[in-house]
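Scroll down for the structure; my scribbles are underneath it.
The values are calculated or read from the model by the stated rules, or taken from the named source; none is laboratory data. On a predicted model such as this, the values are computed, not experimentally measured, just so you know. When we count neighbours, we look across all protein chains shown, and the Cβ atoms used for this are built from the backbone with ideal geometry, even at glycine.
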Amino acid sequence: MIKASFILRNWYAERVRKSLGDKLADEINRTADMAVDRAQQRAPVDTGFMRDTMRVIRYATPDNLTAEWGNDTATYTIWVEIGSQGRPGRYFMRQAQQEATSGLTGRVRGILPR
C-alpha cells in the first residue's frame, strides 16, 4: 500500500498541530484524494475493477496527520504496479503519488503562520 504522509518535525510541532491541525489534515486529505484520482486516470484497464476500487483507506485527522491510499480490494494491484513474471511494472501509483505530493510542501507552508 502506498501512503501519502506529512509529519511536522520541529521544536514547535505540537503547538502548530493543535492550532492548525484541521487545516493541515484537510490539505493532506486533499492530497490523498488527488493521488487516488490520478492513479485511477493512469491505471491500466482490463475490467476496470482495479481502477474502480482504489480509494483513500484512512484519512488524516488533526491528531494523526497521515493519510493512506491505495487498493486493498484488488490484491493484484501490487503486481501491476511493480511487475511480475516477465511483465514490466506500470508504476502508475508511484507516478500518481509523485504528482499529488509535488506541491504539498508549498501548500503546507501557506497554512503555517509567518
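Is region 89-97 home to any residue that is over 16 Å from the mean Cα position of the chain (by Cα) and over 27 Å from GLU14 (Cβ atoms)?
Scanning region 89-97, I find at least one residue that is over 16 Å from the mean Cα position of the chain (by Cα) and over 27 Å from GLU14 (Cβ atoms), so the answer is yes.
Which of the residues belonging to region 84-104 are touching a residue at least 60 places away in the same chain (Cβ under 8 Å) and either touching a strand residue (DSSP E or B) at 6+ places or on another chain (Cβ under 7 Å) or hydroxyl-bearing (Ser, Thr, Tyr) (or both)?
Across region 84-104, the qualifying residues are MET93, GLN97, ALA100, THR101.
In the set ASP72, ASP22, ASP33, which member is under 16 Å from ARG107 (Cβ atoms) and either outside any helix (DSSP H, G or I) or at pLDDT 95 or above (or both)?
After ruling out the rest, the residue left standing is ASP33.
Which residues, taken from region 45-80, are closer than 14 Å to ARG94 by Cβ and either touching a residue at least 24 places away in the same chain (Cβ under 8 Å) or under 14 Å from the mean Cα position of the chain (by Cα) (or both)?
Residues satisfying the conditions are MET54, TRP69, GLY70, ASN71, THR77, VAL80.
Hey, could you check region 60-114 for residues that are touching a Leu at 6+ places or on another chain (Cβ under 9 Å) and aliphatic (A, V, I, L, M) and say which is farthest from ARG42 (Cα to Cα)?
Result: LEU112.
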